[in-house]
Structures are given as structure tokens and as C-alpha cells.
Amino acid sequence: MRIIICGFGTVAQSLAKLLVSRTDDLYAKYGLKPRIVGAFDSKGGVVDPSGLDLNRLVEVKKKFGTIKNYDKTKKNWSGLDIINNVEADVLIETTASNYRDAEPGMSHIISAMKNGMHVISVNKGPLALAFPSLMELATYNQVLLKFSGTVGGGTPILDYAKNSLRGEQITSFAGILNGTTNYILTNMEHGMSFGEALKDAKSKGYVEADESLDLDGFDAAAKLVILANWIMGMKVTMPDIKRTGIRNVTTKDIKDAAKKNCAVKLIASCDKELVVSPREISTDDPLCVNGTLNAISFTSEHSGTQTIIGKGAGGTETASSILRDLLDIRKEISRD
């Protein structure tokens, strides 16, 4: 399977290491032999139809901060050059999420699908802003668009709702979909001020470079859009979400909630309306998880409410979700 990787940050590097460590196992168990024929980051890219050396790619990125130095004797390719000119079966899109215009990820995904490539995206921007039209484009071009890693990282939230609850009618759901804000609010419960908790989260590398993505609820809202479209069959985008972040949550709010055996959490919910906002929830509620954990409760017609909990982010976890999507694509292709 010929693959192009967009972006070569933490997630893509984790994926490269994962593919190297599981080469024999993936072929023996699933008949999957991934060959990375092109890869690029913000400074340039490299191409090799016979397959790039993944260990070397990671080493070059670590040493020079870009993979364009992988082979200095050859042309330095741009991302769209690679997508439009290199034969590949799958595009893996790992560039940073951008909720203004979703670029450059949007152009990567659209170009790949028009060129007949299946797409795996862990970039939430394009899906948050144009989920319905991207799914239509995938159908029109007879390709698959997979995005397991956009919600829950390595925790299979989307797969669980779609497959484990197959045949059920999910009527509503609510969840903690952003580990950073959950970590900050948990620290506030332990006596820190908002400022102290934010500083601590930044020191551990939990906060996005643009902190408003976490603090103002954009990340949670993007995940809510993806869930509502994929699981509930809605046709919604970011402007349809009522969004409030956690900047105005005070120590007093936290203490008042604690007196009622509750905790303040940033909850994304789909129940008639699509809302992201801080809310008091009972400490007995399975949804009331602490630290960087994510949790989501699905309420369905006959099975009642079921909650899935897990780590929401991290390079290795997200890379494992990409591998799940790759295996799904491999399975679909072999059926044809």
C-alpha cells in the first residue's frame, strides 16, 4: 500500500516508529505492507516510489527540524506537488488543525480525493468546517475518508458508537472531549487558581500553541461536529455549535460545585442542541473523570447510557488510530 504523509510532527513520527516496529506482524496478520512513497512538512518534502526509510526520516527530522534534508541531491517537493504527481493509494493528513479556513489540510484532502486516493485525517479543521461536503466528495470519487484519531486520540470513540452500538438508536450524547481543559479544571479542584493551572498545563506540553483552541472550546466544538455528523447523521459545521470556554470559571465556581458533590467540567453535548460549555456534573457520574482523560456517554433507545473513557491525545495513541484506519481501508480494498 503506497502512502503519502502530510506533516511530520509528533503524530507522524510516532506512526513511522509504529510501522517499523510492526512491519512483520502487519504483513503476517493483515497482509498490510505500507510503503511511504512521499512525505512533507512545512519546509519541504521528499519522494521515493520504492519507499522511504522511516527510521532515517525520523532521524533527519530530529537533526534538521525538517525532512527536506533526507535527500539533498533531489528536488525539494511541496505538499501539493507530491499529492498531484506521485502515485499513491492513501493520504495521511496530520498537519495542525486550523478552524479559520482549514488550510493547508483542506487542500491536501480535496486534491488527494480528486486523484483517487483514500484519506485518513487526524486534522480536525477540514472536518469541522466542511464535514458534509467532504463526505460527499469522497463518495463521488469512490474513495474512503477515515478520521478515527480526530476524536479521542487512541480511544476508539467513533468506532464504539458506530460499530459496538450498531442497530441501536443513539438519542443523545455528552462528553469531556478536551483533555487540556479537563486537566486545568482538575487542578483548580485541588486548589490552584485558573492562572496557576494553565501555567502548569503549559509546562507539561498539554496546551496547544494557540491556547484559545483549548480554553475557548474550539477543539471540543470541532470534535462535537464530527460526532454529530458521523453518529447522529446531522449535517452541521462549527458555526452550528453554541460554544463557551473555561476562561471565566473561577475558584468560587469550583468550590460551590464541590459543596453539592459536583465538579465543573467542559462538556460537549448533542441533545436537540449542540453545545460546548462548562457544566456542573455529579462526582458519582461515570463521565466525571479527572486529569487529561476524555469520557463520553452515549444514551440509546434500548441500551440506556454507556460511557467510554480513555486518553484523549498523545502521539502514540493517535498513531494507533491511524493504523486502525489503514487496516480498515486495506479490508475495504480487498473486498472490491
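Go through the range 68-88 and give me each residue that's at pLDDT below 95 and either part of a loop (DSSP other than H, G, I, E, B) or more than 23 Å from residue 142 (Cα to Cα) (or both).
Matches in the range 68-88: 68, 69, 70, 71, 72, 73, 74, 75, 76, 77, 78.
Hey, does the range 51-61 have a residue that's assigned to a loop (DSSP other than H, G, I, E, B) and either open to solvent by less than 70 Å² (accessible area, probe 1.4 Å) or closer than 25 Å to residue 234 by Cβ (or both)? So that I can check it myself, show each step before the final result.
Kept after step one, since they are assigned to a loop (DSSP other than H, G, I, E, B), are these residues of the range 51-61: 51-53.
Now drop any that are not either open to solvent by less than 70 Å² (accessible area, probe 1.4 Å) or closer than 25 Å to residue 234 by Cβ (or both), which leaves 51-52.
Yes.
Please go through the range 4-21 and pick out each residue that is in contact (Cβ under 8 Å) with a residue 40 or more places away in the chain, touching a helix residue (DSSP H, G or I) at 6+ places or on another chain (Cβ under 8 Å) and farther than 15 Å from residue 153 by Cβ.
Result: 4, 5, 6, 8, 13, 16, 17, 19.
Please verify whether residue 249 is among the β-branched types (Val, Ile, Thr) and within 19 Å of the chain's Cα centre (by Cα), treating the condition exactly as stated. Don't jump to the end; show me each part of the working.
Values: among the β-branched types (Val, Ile, Thr): yes; within 19 Å of the chain's Cα centre (by Cα): no.
So residue 249 does not fit the description; no.
Looking at (1) modelled with pLDDT of 95 or more; (2) in contact with a helix residue (DSSP H, G or I) (Cβ under 6 Å, 6 or more places away or on another chain), which one does residue 98 not meet, given that it meets all the others?
(1)
Which condition number in (1) at pLDDT below 95; (2) under 21 Å from the mean Cα position of the chain (by Cα); (3) farther than 21 Å from residue 289 by Cβ is the one that residue 169 fails?
Against the list (1) at pLDDT below 95; (2) under 21 Å from the mean Cα position of the chain (by Cα); (3) farther than 21 Å from residue 289 by Cβ, residue 169 comes up short only on (2).
Taking the range 127-152 as the region of interest, how many residues are in a helix (DSSP H, G or I) and crowded, with 17+ Cβ neighbours inside 10 Å? Show your work before the answer.
If we filter the range 127-152 for residues that are in a helix (DSSP H, G or I), which is where we start, we get 127-140, 148-150.
Next, from what is left, pick out any that are crowded, with 17+ Cβ neighbours inside 10 Å: 127-131, 134, 137-138, 148-150.
Qualifying residue count for the region: 11.
Looking at the range 67-84 only, could you name the residues that are surrounded by fewer than 21 Cβ atoms within 10 Å (Cβ to Cβ), within 22 Å of residue 120 (Cα to Cα) and either under 23 Å from the mean Cα position of the chain (by Cα) or without any contact (Cβ under 8 Å) to a residue 24 or more places away in the chain (or both)?
Residue satisfying the conditions is 80 alone.
Is it the case that residue 334 is out of contact with any helix residue (DSSP H, G or I) (no Cβ under 6 Å at 6 or more places or on another chain), in contact (Cβ under 8 Å) with a residue 24 or more places away in the chain and within 18 Å of residue 157 (Cβ to Cβ)?
Working: out of contact with any helix residue (DSSP H, G or I) (no Cβ under 6 Å at 6 or more places or on another chain): yes; in contact (Cβ under 8 Å) with a residue 24 or more places away in the chain: yes; within 18 Å of residue 157 (Cβ to Cβ): no.
Criteria not met by residue 334.
Of everything in the range 23-41 that's touching a residue at least 40 places away in the same chain (Cβ under 8 Å) and part of a loop (DSSP other than H, G, I, E, B), which residue is farthest from residue 88 (Cα to Cα)?
Step by step, filter the range 23-41, then rank; the result is 31.
When you scan the range 310-330, how many residues do you find that are within 11 Å of the chain's Cα centre (by Cα), open to solvent by less than 60 Å² (accessible area, probe 1.4 Å) and farther than 30 Å from residue 142 by Cβ?
First, the residues of the range 310-330 that are within 11 Å of the chain's Cα centre (by Cα): 312-315, 317-319, 321-322.
Okay, now just the ones that are also open to solvent by less than 60 Å² (accessible area, probe 1.4 Å), so 312, 314-315, 317-319, 321-322.
Then keep just the ones that are farther than 30 Å from residue 142 by Cβ; that gives 312, 314-315, 317.
Total satisfying the criteria: 4.
Please indicate, with yes or no, whether at least one residue in the range 89-109 is more than 30 Å from residue 221 (Cα to Cα), open to solvent by less than 80 Å² (accessible area, probe 1.4 Å) and outside any helix (DSSP H, G or I).
As a first pass, look at the range 89-109 and keep what is more than 30 Å from residue 221 (Cα to Cα): 89.
This time we only want the ones that are open to solvent by less than 80 Å² (accessible area, probe 1.4 Å), so: 89.
If we keep only those that are outside any helix (DSSP H, G or I) as well, we get 89.
The answer is yes, given that some residue of the range 89-109 is more than 30 Å from residue 221 (Cα to Cα), open to solvent by less than 80 Å² (accessible area, probe 1.4 Å) and outside any helix (DSSP H, G or I).
Kindly indicate whether residue 14 is under 23 Å from residue 325 (Cβ atoms), surrounded by 19 or more Cβ atoms within 10 Å (Cβ to Cβ) and of a type in the set (S, T, N, Q). Show your work before the answer.
Working: under 23 Å from residue 325 (Cβ atoms): yes; surrounded by 19 or more Cβ atoms within 10 Å (Cβ to Cβ): yes; of a type in the set (S, T, N, Q): yes.
In short, yes.
Report yes if residue 307 is more than 19 Å from the chain's Cα centre (by Cα) and not in a loop (DSSP other than H, G, I, E, B), otherwise no.
Working: more than 19 Å from the chain's Cα centre (by Cα): yes; not in a loop (DSSP other than H, G, I, E, B): yes.
In short, yes.
Please return the ranges of helices (runs of 4 or more DSSP H) entirely within the range 158-254 where 2 or more residues are basic (Lys, Arg) and either open to solvent by 20 Å² or more (accessible area, probe 1.4 Å) or in contact with an Asp or Glu (Cβ under 7 Å, 6 or more places away or on another chain) (or both). Let's see the steps before the verdict.
On the way: elements: 179-189, 194-203, 212-215, 218-232.
In the range 158-254, the matching helices (runs of 4 or more DSSP H) lie at 194-203.
The values are calculated or read from the model by the stated rules, or taken from the named source; none is laboratory data. From a predicted model like this one, the values you see are computed outputs, not experimental measurements. Backbone-built Cβ (ideal geometry, glycine too); neighbour counts: all protein chains shown. In case anyone asks, the SASA skips ligands and DNA or RNA and just uses the protein heavy atoms, side chains included. Shrake-Rupley method; radii C 1.70, N 1.55, O 1.52, S 1.80 Å.
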